[in-house]
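Asker: Take a look at this one; I'll ask things after.
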Amino acid sequence: MTLLAGSGTTLVLRGVAALVTLAIARFVYKGYNARRRVQRLRAQGIPLLPHSWLWGHLKVMGDFRNDSPDDANIYEFHGWLKRNMAAYFPGESSLPGVVYLDIWPFSDGLAIITDADMVQQFMQKPDLPKSMTAAEFLKPLTNARDIVSIPGGAEWKLWRTRFNPSFSPRNIQALLPQLLEEVEVFVDVLRSKAGRATAHGNAWGPMFQLHEKAINLTFDIILRAAVDIRLREQSRETESPLKIAMTKQIEMMSKMAHGSQFSLGIKMPWDHKAIADNNKVIASYVIPEILTKIGEAEGQTSQQPQESQNTKTAADAAIFGAVKDKKSMANGKGIAGSLANDSDFMDKLIANLKAFLFAGHDTTATTICFMTHELGKRPECLQKLRDEHDEVLGPDPSKASAVLHKSPHLMYQLPYTTAVIKETLRLHPLAATLRDAPKDFSLVSKETGVAFPLGSFAAWLSAPILAIDERYWAEPYRFMPERWLVAEGDPLYSSNRDAWAPFSLGPRNCIGMELALMELRLVSVLTARVFDIEEDWEEWDRSRGEEATPDHKFAGGRLYGTGRGTVHPKDGMPVHLRLAK
């Protein structure tokens with residue numbers, strides 16, 4: 001028995017050793033191929049970042065990390081590379097149209113697109129499929145069944161078509177009363193943070209983190225726009241279970257997205273359980289609303305269900321489209337089975353609604369912070385913004401909301417406000433776009449004729465680099481809303497409008513663009529004349545004590561993008577405010 005036991009142990013150890021050897025061999029083979037792909041590009045004469053067989057481009061990433069605070073978001077790498085271009089591409093006036101990045105084993109190969117003339121070559125004609133990287137990021141939340149994760153084809157087109165009506169400018173304008181209701185609450189929240197009036201003027205109030213308040217606002221808004229749930233997150237003393245679950249799920253998404261060839265990813269049982277628990281909580285809020293809407297849509301007796309003349313949430317639009325399709329196919333014979341019992345439809349609808357809840361609040365809240373930051377640095381721009389609001393909406397800020405309830409079309413008669421928003425998004429684009437290319441696919445520089453192969457590299461549109469490229473923008477680092485108001489031929493006019501891509505471009509651009517722009521307009525209109533808002537890093541540092549990080553600066557400033565996944569403002573952007581005079 002002892003002999004047999006010993007033989008069994010030996011076999012197990014040999015098996016384990018074989019598996020370890022196989023894993024190491026696979027690891028080395030993949031690493032070799034990753035490095036070889038870049039070395040082949042060098043042999044073709046394509047300009048590259050300094051690259052080595054051992055480290056790839058990890059030393060370049062090390063330079064970025066050494067120059068940046070520990071918590072700087074990887075998206076800040078783009079702007080850093082543009083500012084430090086001379087160190088890596090000496091003698092060049094601009095970056096190569098494609099900057100290859102080999103940081104294996106932490107990521108597969110990336111091709112950072114820095115040439116606006118190349119955008120249409122892979123995002124419009126043809127429109128390359130979304131990279132599986134996006135699907136992997138969203139998988140804990142949506143199981144990759146949403147329109148962001150679906151690579152393309154008929155299924156993507158069907159669901160995008162179903163949701164489009166709910167995000168149209170017409171429907172967003174119809175939603176204005178609900179959006180105003182939430183932004184009015186946001187104004188009340190900010191007002192509670194203002195200092196008291198004194199004989200010497202209005203005093204500054206206590207320091208607080210603006211991002212936290214903005215997140216609650218945008219979460220309330222996207223819930224109303226997507227599912228017609230009024231959560232009142234802004235008014236709660238403690239976070240709702242839904243908000244907690246969504247926040248935890250985003251943390252899990254970021255955690256899983258930053259694995260590497262060394263990590264076990266989401267294979268840990270406790271990770272699976274946490275993800276499942278979060279999704280269960282989110283579904284408990286969403287599913288009852290969906291079932292009610294399905295019942296209402298299927299309850300219509302006409303062959304072609306009548307679309308509501310009122311506002312449509314994303315859920316309404318998708319359900320209406322599906323019911324209409326089923327009745328058309330039934331050809332008057334009646335519908336066989338309810339959508340509520342169609343597991344495929346329900347899974348995809350819930351997945352998309354969860355994707356909207358995530359994407360519809362996270363980036364917009366951060367943009368509110370960066371817009372406040374830019375206006376705080378440019379008092380002359382803030383004054384022009386206030387002047388426009390006086391002219392269009394009347395001189396009394398307290399009546400702006402009532403004016404918009406009566407005349408919602410006025411939201412589209414604020415050109416300078418829209419210019420401020422676009423300029424903020426130019427300097428602070430937040431959404432990343434990655435596409436997968438066929439093996440033999442290349443992008444060609446119109447300027448030099450150089451062909452850049454994309455096979456085996458995910459194409460990463462660099463909205464941050466395009467936004468500060470001197471070829472497309474006059475004084476690119478300067479916040480100048482006026483550049484959006486001039487005509488072609490003016491020195492401020494952009495030479496290539498594809499250089500502005502905060503919502504991506506082409507058929508698969510961000511479906512929520514109109515909603516986001518409307519939210520930003522409303523926040524501007526209802527707050528710009530009411531409050532003076534100022535960053536308060538001094539008080540923040542004092543409150544943090546030994547944990548304060550006053551030396552954490554990026555490009556010379558305290559406010560920059562942080563986070564392992566999506567971009568958030570440093571330390572939640574501490575501010576204080578007072579009532580404007």
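Asker: Taking N as the number of residues in the stretch 380-499, what is its Cα Rg relative to 2.2 N^0.38 Å? Write out the running numbers ahead of the final one.
Answerer: Working: Rg = 19.7 Å, N = 120, 2.2 N^0.38 = 13.6 Å.
Rg over 2.2 N^0.38 Å, computed on Cα atoms: 1.45.
Asker: Follow-up. Ranked by Cβ crowding within 10 angstrom, fewest neighbours first, how are Thr10, Thr247 ordered? Before the final figure, lay out the partial values.
Answerer: Details: Thr10 10, Thr247 15.
Fewest-to-most Cβ neighbours within 10 Å comes out as Thr10, Thr247.
Asker: What FRET efficiency comes out for the pair Lys446/Ala580, r = Cβ-Cβ distance, R0 = 45 Å, nearest 0.05?
Answerer: On the way: r = 48 Å, r/R0 = 1.07.
Efficiency, from the Cβ-Cβ distance: 0.40.
Asker: Using 0.36 nm per residue, how much length does the chain from Arg170 to His405 gain when fully extended, once their Cα-Cα distance is taken away?
Answerer: Values: separation 235, 0.36 × 235 = 84.60 nm, distance 1.51 nm.
Length gained, Arg170 through His405: 83.1 nm.
Asker: Between Ala87 and Thr549, how many nm apart are label points set 7 Å from Cα along the C-beta direction?
Answerer: About 2.0 nm separates the two model spin labels.
Asker: Around Gly455, which amide H atoms from residues at least 5 apart in sequence, or from another chain, sit under 5 Å from its own amide H, with H modelled in the peptide plane?
Answerer: For Gly455, whose amide H was placed from the backbone, the distant partners under 5 Å are Phe441.
Asker: Right, another one. Grab every C-alpha pair in the stretch 175-300, bin the distances at 10 angstrom width from 0 up to the longest one, and report whole percents.
Answerer: Reading the bins upward from 0: 10, 29, 27, 20, 10, 3, 0.
Asker: Whole-Å semi-axes of the chain's equivalent ellipsoid, largest first, each the root of 5 times a Cα gyration tensor eigenvalue? Kindly include the intermediate steps, with their values, before the conclusion.
Answerer: On the way: eigenvalues 311, 226, 140 Å².
Listed largest to smallest, the semi-axes of the chain are 39, 34, 26 Å.
Asker: Using every Cα-Cα pair within the stretch 148-221, state what percent have a distance larger than 13 Å.
Answerer: On the way: 2057 of 2701 pairs.
Of the Cα pairs, 76 percent sit more than 13 Å apart.
Asker: Each residue of the stretch 510-523 in turn: what ³J(HN,Hα) in whole Hz from Karplus with 6.51, -1.76, 1.60 and θ = phi - 60°, glycine and Pro shown as x?
Answerer: Values per residue, Gly and Pro as x: 5, 5, x, 4, 5, 5, 4, 5, 5, 4, 5, 4, 5, 4 Hz.
Asker: Taking the Cα-to-Cβ direction at Lys439 and at Val12 and moving 7 Å from each Cα, how far apart do the two end points lie in nm?
Answerer: 4.3 nm
Asker: If you don't mind, another one. To one decimal place, what Kirkwood hydrodynamic radius in Å is obtained for the stretch 63-160 from all pairs of distinct Cα atoms?
Answerer: On the way: mean 1/r = 0.0620 Å⁻¹.
Radius from the Kirkwood sum: 16.1 Å.
Asker: Follow-up. Could you work out the relative contact order of the chain? I mean the mean sequence separation of Cα pairs under 8 Å and 6+ apart, divided by the number of residues, in percent. It would help to have the intermediate numbers written out before the result.
Answerer: On the way: 795 pairs, mean separation 133.7, N = 581.
Computed value for the chain: 23 percent relative contact order.
Asker: Let me ask something else about it. Amide H of Thr433 versus every other amide H placed in the peptide plane: which residues, excluding those fewer than 5 positions away on the same chain, fall under 5 Å?
Answerer: It is Leu461, by chain and number.
Asker: How would you classify the stretch 196-261 from its alpha-carbon gyration tensor, with a ≥ b ≥ c the square roots of the eigenvalues: rounded for a/c under 1.5, else prolate if a/b is greater than b/c, otherwise oblate?
Answerer: Values: a/c = 3.30, a/b = 1.72, b/c = 1.92.
Since a/c reaches 1.5 but b/c is at least a/b, the shape of the stretch 196-261 is classed as oblate.
Asker: In addition: Report, please, the projected area of the stretch 391-457 averaged over directions, based on the convex hull of its C-alpha atoms, in nm².
Answerer: Values: hull surface 33.5 nm².
That works out to 8.4 nm².
Asker: Using Cβ counts within 10 Å as a stand-in for footprinting exposure, how do Asp469, Asp71 rank, fewest first? Working shown, then result.
Answerer: Working: Asp469 20, Asp71 16.
With the fewest neighbours first, Asp469, Asp71 line up as Asp71, Asp469.
Asker: Stick to the Cα atoms of the stretch 428-581, pair each with every other, and give me the Kirkwood hydrodynamic radius in Å at one decimal. Please list the in-between numbers first.
Answerer: Working: mean 1/r = 0.0518 Å⁻¹.
Mean inverse Cα-Cα distance, inverted, gives 19.3 Å.
Asker: For the stretch 532-537, just list the computed ³J(HN,Hα) in residue order, Karplus coefficients 6.51, -1.76 and 1.60, θ = phi - 60°, integers in Hz, with x standing in for Gly and Pro.
Answerer: With coefficients 6.51, -1.76 and 1.60, one gets 9, 10, 9, 5, 10, 6 Hz.
Asker: A further question on this structure: Relative to the Cα centre, what is the charge dipole magnitude of the stretch 333-427, using +1 at the beta carbon of each Lys and Arg, -1 at the beta carbon of each Asp and Glu, and rounding to the nearest 20 debye? Show your work: numbers first, answer last.
Answerer: Values: 11 positive and 12 negative charges, 19 e Å.
Charge dipole, the stretch 333-427, about its Cα centre: 80 debye, nearest 20.
Asker: Here is a follow-up. Grab the DSSP H runs of the chain that are 4 residues or longer, score each as -39,500 (n - 2.57), total them, divide by all residues and round the 222 nm result to the nearest 500 deg cm²/dmol. Each step should come with its number before you reach the end.
Answerer: Details: 20 runs with 292 residues, N = 581.
It lands at -16500 deg cm²/dmol.
Asker: While we're here: For the stretch 411-427, what does the Karplus curve 6.51 cos²θ - 1.76 cosθ + 1.60, with θ = phi - 60°, yield as ³J(HN,Hα) per residue in whole Hz, taken in order and with x for Gly and Pro?
Answerer: 4, 9, 10, 10, x, 5, 4, 4, 5, 4, 5, 5, 5, 4, 5, 5, 7
Each value in this text was obtained by applying a stated rule to the coordinates, not by laboratory testing. The structure displayed is predicted, hence computed values, not measured ones. Note that each Cβ is placed from the backbone with ideal geometry, even for glycine, and that neighbours are counted across all protein chains shown.
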